[in-house]
Structure formats: C-alpha cells, structure tokens
1. Against the condition among the basic types (Lys, Arg), assigned by TED's automatic domain parsing to the domain that holds residue 319, surrounded by fewer than 18 Cβ atoms within 10 Å (Cβ to Cβ) and over 40 Å from the mean Cα position of the chain (by Cα), how does residue 217 come out, does it pass?
2. Scan the range 531-551 and tell me whether some residue there is in a loop (DSSP other than H, G, I, E, B), closer than 22 Å to residue 506 by Cα and touching a residue at least 60 places away in the same chain (Cβ under 8 Å).
3. Tally up the residues in the range 458-477 that are assigned to a strand (DSSP E or B) and without any contact (Cβ under 8 Å) to a residue 40 or more places away in the chain, please.
4. If we scan the range 258-279, do we find a residue that is among the basic types (Lys, Arg), loosely packed, with under 15 Cβ neighbours inside 10 Å and outside any strand (DSSP E or B)?
5. Filtering the range 477-524 down to residues that are of a type in the set (Val, Ile, Thr) and within 12 Å of the chain's Cα centre (by Cα), which residue is surrounded by the fewest Cβ atoms within 10 Å (Cβ to Cβ)?
6. Evaluate the following for residue 461: is it over 18 Å from residue 511 (Cα atoms), at pLDDT 95 or above and within 33 Å of the chain's Cα centre (by Cα)?
7. Restricting attention to the range 637-673, which residues are among the β-branched types (Val, Ile, Thr) and more than 19 Å from residue 591 (Cα to Cα)?
8. Can you tell me how many residues in the range 422-457 are part of a loop (DSSP other than H, G, I, E, B) and either in contact with a Gly (Cβ under 7 Å, 6 or more places away or on another chain) or free of Cβ contacts under 8 Å to residues at least 40 places away in the same chain (or both)?
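The values are calculated or read from the model by the stated rules, or taken from the named source; none is laboratory data. A quick note: this is a predicted structure, and the numbers were derived from the prediction, not measured. Here Cβ is always computed from backbone atoms with ideal geometry, including for glycine, and neighbour counts include all displayed protein chains.
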Amino acid sequence: MLNTDNNLNLNQNSNGVNEKFLNPYNPQETEKKQYQLWEESGFFNPDNLPERHKKPFTIIMPPPNANGSLHAGHALFVTLEDLMIRYKRMQGFKTLWLPGADHAGFETQVVYEKKLEKEGKSRFKMDPKELYDEIMQFTLHNKSFMENQVRSLGASCDWSREKFTLEPEIVRTVNETFKKLSADGLLYRGKRLVNWCSKHQTSLSELETEGVEKEDKFYTFQYGPFQIGTTRPETKFGDKYVVMHPDDERYKEYEHKQKIDLEWINGPITATIIKDEAVDMEFGTGAMTITPWHDTADFEIAQRHNLEYEQIIDFYGKLLPIAGPEFEGKNITVAREEIVKKLDKKGLLVKVEENFNHNVKICYKCNRPIEPQIKAQWFIKTESLAQKALEAVEKGEVKFITKRHKKIFKHWLENIHDWNISRQIIWGIPIPAKICTKCGEGMVDLDNSISKCSKCGGEVKEDIDTFDTWFSSGQWPFATLDFPEGEDFKNFYPTDVMETGHDILFFWVARMVMLGIYRTGKSPFKDIYLHGLVRDAHGKKMSKSKGNVVNPLELSEKYGTDALRMSLLVGNTPGNDMNLSEDKIRAYKKFANKLWNVSRFVLDNTKDLGEIDLNDERLKSLSRSKIELQNLQKITSDITKDLDNFQFHIASEKIYHYIWHEFADKIIEEAKDKLDEIETQLMLLEILQTCLKTLHPFMPFITEEIWESMPIKNKKLLLIEEWSK
C-alpha cells in the first residue's frame, strides 16, 4: 500500500487488474477495434492533431496497384512508412501520410487480359470503351479491397486525402505537364525504334524489358564475298548493306558506299558497303549486314549514313510482303528454319553453331522476345531534366540512405535516353493530342480545339494512345498535393521521405525527381529510403509456380499484424533483400505474448498506486536514482538516434531485446522480492510506460491495447502521446 503521508495525493484502486489480461493476447479481437478508434479519433489527419504538432512531416505513399491483393512487398513498405509516421507524430510533427491507388496502366491491362483469356475472350475483339469501362469496374473493386488490406496492416495514413491516379485533378496535372514539355521544346513525336511486344501490342520502355541469357543457333551465311553471322535469319530479307570497320585490313580493298551484286534469299540483289566504327572487328568475320527497322545498333548505323530501311516483320511477329510469296504472313519462329533450308539449297549456308549463348530482350510480363520496330511515338528529351536531378543529388537536396543506390542513380541519369511515353493500350490516361493524317505531325490539344494540322493544313485525328504509367505516377508527389495553388502543396511540399523498393529506382524514383524539379523547381522529397525484395526463408524469390509465396495477410490474421511487422523490420537492412518465413513471424507472436504477460504482471502488482501522473517530479524523485531507469534512458536515446538515421532494423532489435531480456528476464525477476516498495512499483510502471511508447511505432496494436489499461492521469491515445527521448 502506498504511504499517502508524502502528500502525493494518489488514488487507490482495489479493483485489481483489468479482466482482459486474464486471457492470452488475442490480436484478432484487438486490431479491428483499435484501428477503428484511431480512425474515429481523426488524428490520421494532420489538421486534427493537437497544438504541439507544428512542423510538417510528409510521406506520399507509393500507390499500390489496384489490380489484386497485397503481397509481402506491400506489407514491408506499409510497415516501414507507418513506423516513420507514428514516430514523427509522437515527436510532435504535423504528420501527413497520403495514401493512394495506382491504375497501373499496362500492368492492370495485362492482369485483365489474363482474366479475359480464361473466359475465352480477347481485348482485341472488344469495343475500346467497353473494355475501358470493364477494367475501371474491375480496378475500383480491387481498389476498395486493397485499401482495407492496407488498413489491416495498421497504416495510420490520412484516408480523407486519398488519391487515385485517374482522378480528374490528377489527369489535369499530368496533361498540363505534357503541354509544358511541348512548349519548352522538350517533347517531340517521331519515328524511332521502340521495344515492341507482339503479344500485348504495345511499345515498352527500356525499363519494361529484361535481358535474359538464351541459347540459340548461330548461322553463318555467304553474302557475296563476305561471310555474315546471325541468330535471326528471318530479318535478312531487307539486308542490302554490309558493314565493316574502316580500319579492318581484311576489307581494305572495298570502299565506302561501293556497290556489289550477289545472290540472296529470293534471288539477285545489289548491296552497298558501309564503313562504320561501331563494328566489332573481333566478332565473327568482322563483316555484318544490318536490318535497321528491327535492331537498335543497325538503326543507329543507318541514321549516321542516311540509309534507307524497310519493315520486314509486322507488329504481330509475321513476315511482310518483302519476304516474298513463299514466306509472307508466316510467323517468324516458324519461318526461320525454312529460310535456312532455302539458303542451304542455294549453297549459301556456311555453318551452324549450336547452343550459342546471347542476351535477348524480353517483355517483363509475358517473357516473349521483344521485336524492335520503328513507330511514331511521343518522346521526352530527358537530358536537361536528368541534369537538374543530378544537381539536386550533388547539392544534397536529395539524399540516399544507401550510398550504392546513389551511385547507380547517378550512372543511369548520366547515360539516359529519350523517354518514350506512348503506350498502345486502352487502360490509362489518354494522350491529349491530335495527329495529322497526312504528314503525321503531332499536336498537343488539351481542350480538343485543333481541327487542322498546323504544319500542312491536313486533317487531324485523335491520338488513341495512352501515357506510360510512369509518366503520370512520376508526378505523384506534387499532383496529390494539389499543385500549384493548393494549401497542401504550400504546407507539405517538398515531402520528407520517399520510401519504396529498389527495383523501381529508375521506373519511378528517377522520374519523380526529374518531373518534380521540372514542374515545381524543387526536389519532391529530401530522403530516399529503398527497401529490397522480400524473399522466402531460403532466400529464393517468391513465386506461385515455386509454391513458396508467403502471404502476409494470411499470416497476420494467424499471428497478428504486430508480429508480422516486427518480422519485416528486425534484420532488414536498408536496400538489401530480406528473408521471411512463418517461423520468424511466429517468434514475434511469442514476443507479443511476452509483452502482454509482462504488462499483466506490472499492472497487477501496482494496482494499489491508483491513477498517477508519472511526469510528476515528486514521483520521479522516488525512482530516478534507479540504475534501471538510467539504463532505459540510454536505450531509448539510442533507439531515437537509430530511427533518425533510418536504422530501423537496429532500433527494432534493441527494443525487442530490452523488453524480453532486460525488463522481463532481469528487472522483473529481481523486483519480485521488493514489490511492496513504492519505489519498485513506480519503477516498473515507468519502465512499462516507456517501453509501450518506444515500441508503439513498431507494434502499434498491442501497445495501444495495453495503454488503455495504464493507470495514468490525463492519458491520451498512445497514437499521439509524447515520444520518450
């Protein structure tokens, strides 16, 4: 019993510990209840935070694709960002974590096409508007489902400010950027070589393709006096230029632009000799023919020498009339061996090398080989935009938490190519432009007012292409904050942290830095935290075909969201891939149980103190000399520094070890013989209070649940309690 002669005026409580502690901790009962309390409090909205919250701290959530269920990578980013927001909110920052959802153009259309295929349908046989409306309905349904999953992970984001990439305000901002790029001379429409996917019938950026090692046959053919090698005989119908290095002594007798007659696939042709330094003299015979329409290096050679070129393969992967009646209309994979046989009969096949390893570019969604094609598309001149982004990094306006990603980022920007932002898909933001049917001129037309070509006066038609998703999402930080006149833009831009996966450093992060600086004059965020992939327990990439997918939502339902969150934080260093297993999550469920039991013990053995104010200096004087509290202060100070330095993996491990091994195993055990002493009771209660505050950003549900039962005067939601320094 507390001695009241010291005039501390503490209320006594004889009701015992809260009944809920008589049962084991049940996250299934706790989590929905606590999240509802948080949402109803209004404190996710920075405008509703108490007076002490003044300085803004902003994170714009990477909008999850609204086309399916969340995976382990989503759970990781929600955990990391919620940790940062809860920590800063408790520190007194005016925190805004703005959530959103991405229509994810090409990605979502691919998902929907698979759904159509299962139903025996094809998007190519559907009315474009009907297809768009169906995908919109599909996306909005998934969007609602996905948002509830984000809630279940404990995300304390401001749902009142949520944005969707197809909202009219976002579309307007994206279109205005398109117009400004045109006005500034940074936009052009031109016939350039693009990465073409014959399955999905759209061009793709370099970032949407993958290079894979593939084994093919390597054929060597006699081409007049030269021997040329190729893995793609199907492209050779249009080859009328043979190229060699100007310093190659083997071919010094031949002159640049010299004509030679020779026998080829469908009869005699006249070829032209081209001397170009791009040719590798060490590869093969040092002589090669070029197909500019279907190869990047060949296209560049043709451009340098002003050579003519013709399309050999159509956009569906079939041979065009140039291949002759024998091969016209045939799929290139079928025609290849037939072409080789014909050349062999003519005595023009020199040799065939089996198992030739080479790098092949494939579509990152269907894994089909990319067919380079020349096609009129909208391109952004990126050099000046990239230069501004580089300057921002050099000046420290944008900082990378992981140094190696800074180097990778800079290298990519220093070697950047013009950006093709056209996509031949239905699902996305339509490109607001008109195309001349006569000369092919492209004209930006936001208000649909252009009726004649400004160049030749010809008739115009609407551009039926859509924007590359990364063009619209690249404007996400300022577009979501109602740029340029919105109060949120004035108050919360630039944002503080961009946290996302390292796999979209170029897809998204680089685009945001370039376009953010271009539109607003400021970098869109100050710090870039990149997390790695979440792999299975053995470090293997998760995939449905391997059967090693760890479903975070199923496991959080089984073991509790707090256990999942801790398993994603401990041992997860910035920028590196991490392994996740059910055993690891189960282990942190045991930690939650340990915390629950520790809290029950402390509350049960301090119930006679009644409701107290632990910040009362007279109370503190009873226990502040305790070495245990001095050690705790050092731990919390270290954790604060770790959090400030984005060392979340270290901070999470420190609080875990302190609660389990220091507080539970040592302090409580040693205190059992002194539980009748007021100083001991106060010490235990103060340690528990500090532990709950420190652990809250990591494990918000169980800490808030325990906090409800803490006998503390003037108690607020732990969500907005002051951080223990």
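1. no
2. yes
3. Qualifying residue count, the range 458-477: 4.
4. No, the range 258-279 contains no residue that is among the basic types (Lys, Arg), loosely packed, with under 15 Cβ neighbours inside 10 Å and outside any strand (DSSP E or B).
5. Filtering the range 477-524 for residues that are of a type in the set (Val, Ile, Thr) and within 12 Å of the chain's Cα centre (by Cα), the one surrounded by the fewest Cβ atoms within 10 Å (Cβ to Cβ) comes out as 504.
6. In short, no.
7. 640
8. Keep residues of the range 422-457 that are part of a loop (DSSP other than H, G, I, E, B), which gives 424-429, 431-432, 437-441, 445-451, 453-457.
If we keep only those that are either in contact with a Gly (Cβ under 7 Å, 6 or more places away or on another chain) or free of Cβ contacts under 8 Å to residues at least 40 places away in the same chain (or both) as well, we get 425, 427-428, 437-439, 445, 447-451, 453-457.
Residues flagged as part of a loop (DSSP other than H, G, I, E, B) and either in contact with a Gly (Cβ under 7 Å, 6 or more places away or on another chain) or free of Cβ contacts under 8 Å to residues at least 40 places away in the same chain (or both) within the range 422-457 amount to 17.
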